[in-house]
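See structure below.
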């Protein structure tokens with residue numbers, strides 16, 4: 001029988017209220033990918049997919065050309081690194097370091113969106129990356145900073161200072177800011193085209209445009225502390241069907257507890273989170289709840305999603 005404590009009931013009710021505040025997810029299509037008709041007539045089976053934008057996406061591509069003097073090409077997102085085909089979740093990416101279509105290409109930019117579900121907000125978000133003049137340098141700095149962090153030993157460095165140095169030099173904070181810039185670019189563009197705030201919020205699956213940028217901070221914290229989903233899955237070993245070995249789990253809890261009790265660590269962790277929430281709130285305004293959150297609320301799990 002399930003046990004429902006007063007605290008469980010309180011937290012569940014709060015999550016329901018947070019869910020009710022969110023706008024209904026209402027994605028807007030950018031068009032579709034299709035093979036050129038001329039290729040079909042020639043009987044070529046393996047045909048390149050071309051993007052056929054709808055009116056909203058066509059207007060955006062024209063505006064991008066006018067603003068940047070470069071043509072934006074939309075390509076189907078490749079299968080992921082595990083060889084699995086796209087799932088139609090509306091994802092996308094931009095590669096600033098690419099020789100062709102990257103940030104140093106003088107004539108064009110390539111963005112990649114889901115081949116099954118080319119999403120308008122995703123297209124504009126990736127276009128935001130493609131017109132971000134600082135993105136290539138930020139990407140190169142991230143690689144240099146990561147190498148520098150893992151190959152540099154700072155004598156007498158505290159756990160809190162080590163975490164702060166990692167977040168600032170190895171990429172998480174920089175990536176959060178780059179993604180926030182692209183989010184804001186897409187929001188501002190849609191507002192300029194007459195979309196209401198509620199319509200724009202409806203284009204985000206969770207109704208909060210700060211959640212994705214912040215994931216680079218939260219995932220980095222879990223990585224550094226070994227609390228990610230994959231880490232937790234490996235904590236308990238089962239030598240046979242009748243025995244469960246909790247040794248790894250107990251050692252993990254002890255190490256994590258020791259880390260949290262290290263003077264200054266939680267204060268440094270809280271400041272990293274609070275600075276991230278403040279930045280997101282200042283940049284995205286009512287399009288995120290991050291500006292209303294505190295590390296204590298998030299770390300105690302009293303808010304759903306962050």
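Considering only the range 244-306, give the helices (runs of 4 or more DSSP H) lying wholly within it that have at least 2 residues that are modelled with pLDDT of 95 or more and farther than 16 Å from residue 217 by Cα.
Because the criterion is at least 2 residues that are modelled with pLDDT of 95 or more and farther than 16 Å from residue 217 by Cα, the helices (runs of 4 or more DSSP H) in the range 244-306 that meet it are 265-284.
Could you tell me which numbered condition residue 166 fails, if it satisfies all but one of (1) buried (at least 21 other Cβ atoms within 10 Å of the Cβ); (2) within 26 Å of residue 57 (Cβ to Cβ)?
(2)
Please list, ordered by residue number, the helices (runs of 4 or more DSSP H) wholly in the range 172-232 having 3 or more residues that are in contact with a helix residue (DSSP H, G or I) (Cβ under 8 Å, 6 or more places away or on another chain) and at pLDDT below 95.
211-225
Answer yes or no: is there a residue in the range 129-140 that is part of a helix (DSSP H, G or I), closer than 23 Å to residue 192 by Cα and modelled with pLDDT of 95 or more.
yes
Mind listing whichever residues of the range 213-223 are surrounded by fewer than 18 Cβ atoms within 10 Å (Cβ to Cβ) and either in contact with a strand residue (DSSP E or B) (Cβ under 8 Å, 6 or more places away or on another chain) or in contact (Cβ under 8 Å) with a residue 60 or more places away in the chain (or both)?
Within the range 213-223, 218 is the sole residue that qualifies.
Could you give every pair whose Cβ atoms fall below 7 Å, whose first residue belongs to the range 189-212 and is at positive phi and buried (at least 21 other Cβ atoms within 10 Å of the Cβ), and whose second residue is modelled with pLDDT under 95 and assigned to a loop (DSSP other than H, G, I, E, B), counting only separations of at least 6 or pairs across chains?
Note: pairs meeting the criteria are 207/22; 207/23.
Are there helices (runs of 4 or more DSSP H) fully within the range 2-100 with at least 1 residues that are modelled with pLDDT under 90? List them.
In the range 2-100, the matching helices (runs of 4 or more DSSP H) lie at 6-21, 37-41.
The values are calculated or read from the model by the stated rules, or taken from the named source; none is laboratory data. Note that the coordinates shown come from a computational prediction; the quantities given were computed from them, not determined experimentally. As a convention, Cβ positions derive from the backbone with ideal geometry for all residues, glycine included, and neighbour counts pool all protein chains shown.
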